[in-house]
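Single-structure report; data block below.
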Amino acid sequence: MHRALITSLFLVGLFLAVPCAAQEELAGTERYKLREASTGYYEEYEVIPGRGSPFKQWNTPSATLNTGGKGKVATYQADAHAQVSNYRHQRCESCHKETAHNNRHATRRNIACRQCHGTEPIAGVNYYFSPLNPIRRHAYVCAKCHQGASGSFAMYVVHEPSPLLAGTAESFPALYWVTWMMVAIAFFSFALFLPHTGLWMLRELFTRKKRGDK
Amino acid sequence: MRLKRFTPVQKAFHALLMLSFLVQAVTGTARMYIETNWGRTLAHPFGGYEGCLTVHKYVGLFMLFLFVCHLAYVLFIVMSKKIHSDDGLWLQKKDLKEFFSHLRWMFGGEAPRFERWGYWEKFDYWAVFWGMIILGTTGLMLYAPLETSRYFKGWSLNVALWVHRIEACLAMLHIFVIHFAIAHLRRHNFPMDRAMFCGDTDLESASEERPAWLARLRTNNELREKTIDDVSAIRMVVTYAVGLGAVALGISLVVGGLMNAGLVNW
């Protein structure tokens, strides 16, 4: 009797324990799913390494910007334009000629610079409390329109360099090389088939079709 | 007398692919040129910039569905019966030879004796196959950018967009210039090759252009079952209207695209 009871208790403990443990784990992942997707972190652990993380600054400023003589230091300032002379009477495009037109947000959706870069004083993107600082830009800026934007999503290059220009090999090598590869494929395919088809059409233009030939 | 080159299933695949490709070409070009008046005019019937994207996405999914159906169809055909190597679409050494002898013919030499498929037709098939994979993959990435950024870094969307664009331009130029020139505009096919639509291919011009195929059909006694009478005048008019409509649309897209290319912030 005792033996049967002990055996059955043992078996019950053995098989019921498994789903209990699994249920707890399941509840945990369910609860943290959205946060993980957004941050790449589960509690304090980085769960998807190699992805854009809001806790790390991935866009180390490398290019020298023309910021009224302050160089790239200005991107770390609370007021990036503090040193620009006659600032009040200028438009963004007056100085940022290229950046004003190298993004589809502006050219196609008519989004103004200030809708992302904020109101005066415009903080440099690397200033710690700037809404465009990579540690929070996905939540503070991108998510205003792209609901659910993650740190990785915010790595989309809004100010896209022209993919065929030589400078892009430095600033965005993947875009440069992949685009050039596609252009090369297109070029060789047309270099072959355009003259081929043109010659063919010319040849047929001067060839009468043979009729009634068996 | 007409000679059957394609089965009704193959013709249906081609018609659906043609229709969806044209919709994708118009909506895609409209979005690419939305900064110009021409682009906005193109986008207007589809509901502007946003409407174009919606149409483009759904038709894109349909094309991928069509591609999957085609793969299943090809697998079924290959598994169910033995296919003569000259009825298949694999590129062979013979195709390279025919390409060069065709080039020699263009400068006055003897015309090569083509089989059922010319090398340019095989190239067209594999070009669409490759294009489907490239455009399908990048298109799916751009279909749901937020979801994509969960698996790839956000900047891969920049790359995907440019790959999608260039491959689409390549596909459109190839179809609207080269495919149309060969199938419609060259003298022996003018105004259009009906092999893919109703009426099939003309027996006489096939025996001139593809004598090796005709010889094979004769020796295997398959010629009788492959020949049919010409279709009615009404179906022929519809065929010409559809085919030449596609040519007009395609060429106007190419001309408009080239004329407006300078007005876009690339």
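The values are calculated or read from the model by the stated rules, or taken from the named source; none is laboratory data. Since the structure is predicted, the reported quantities are computational estimates derived from the model, not experimental observations. Every residue, glycine among them, receives a Cβ derived from its backbone with ideal geometry; neighbour counts consider all protein chains shown.
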Checklist entry - Got at least one residue in the range B:231-244 being closer than 23 Å to residue A:194 by Cα and either within 14 Å of chain A (Cβ to nearest Cβ) or not hydroxyl-bearing (Ser, Thr, Tyr) (or both)? => result yes
Checklist entry - Are any residues in the range B:124-163 free of Cβ contacts under 8 Å to residues at least 24 places away in the same chain and either among the aromatic types (Phe, Trp, Tyr) or assigned to a loop (DSSP other than H, G, I, E, B) (or both), and if so, which ones? => result B:129, B:130, B:144, B:151, B:152, B:153, B:154, B:155, B:162
Item to check | residue A:99 vs. criteria within 8 Å of chain B (Cβ to nearest Cβ), out of contact with any Phe, Trp or Tyr (no Cβ under 9 Å at 6 or more places or on another chain), β-branched (Val, Ile, Thr) and part of a loop (DSSP other than H, G, I, E, B) | outcome: no
Item to check | Of all residues in the range B:83-102 being within 23 Å of the chain's Cα centre (by Cα) and farther than 23 Å from residue B:220 by Cβ, the one that is surrounded by the most Cβ atoms within 10 Å (Cβ to Cβ) | outcome: B:102
Item to check | Tally, over the range B:163-194, of residues that are among the charged types (D, E, K, R), closer than 18 Å to residue B:251 by Cα and more than 7 Å from chain A (Cβ to nearest Cβ) | outcome: 1
Item to check | Test: residue in the range B:166-177 that is farther than 30 Å from residue A:168 by Cβ and among the small types (Gly, Ala, Ser) | outcome: no
Item to check | Within the range B:163-190, considering residues that are under 17 Å from residue B:28 (Cβ atoms) and not hydrophobic (A, V, I, L, M, F, W, C), the one surrounded by the fewest Cβ atoms within 10 Å (Cβ to Cβ) | outcome: B:165
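Could you tell me whether any residue of the range A:151-161 is acidic (Asp, Glu) and over 17 Å from the mean Cα position of the chain (by Cα)? Spell out the reasoning first.
At the first step, the residues of the range A:151-161 found to be acidic (Asp, Glu) are A:160.
Checking the rest, the ones that are also over 17 Å from the mean Cα position of the chain (by Cα) come to none.
No, the range A:151-161 has no match at all.
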Item to check | Check on residue A:176, aromatic (Phe, Trp, Tyr), assigned to a loop (DSSP other than H, G, I, E, B) and either outside the structural domain of residue A:93 (by TED's automatic domain parsing) or exposed (fewer than 13 other Cβ atoms within 10 Å of the Cβ) (or both) | outcome: no
Checklist entry - Which one of these is in a helix (DSSP H, G or I) and within 27 Å of residue A:107 (Cβ to Cβ): B:183, B:171, B:195, B:241? => result B:171
Checklist entry - Quick check: is even one residue across the range A:156-167 under 21 Å from residue B:144 (Cβ atoms) and in contact with a Lys or Arg (Cβ under 7 Å, 6 or more places away or on another chain)? => result no
Checklist entry - Taking the range A:135-172 on its own, how many of its residues are of a type outside the set (A, V, I, L, M, F, W, C), within 11 Å of another protein chain (Cβ to nearest Cβ), under 18 Å from residue A:103 (Cα atoms) and in a loop (DSSP other than H, G, I, E, B)? => result 7
Item to check | Meets criteria (at the interface with chain B (Cβ under 10 Å from one of its Cβ atoms), more than 22 Å from residue A:104 (Cβ to Cβ) and not hydroxyl-bearing (Ser, Thr, Tyr)) for residue A:199 | outcome: yes
Checklist entry - Within the range B:115-162, how many residues are more than 13 Å from every other protein chain (Cβ to nearest Cβ) and in contact with a His (Cβ under 7 Å, 6 or more places away or on another chain)? => result 1
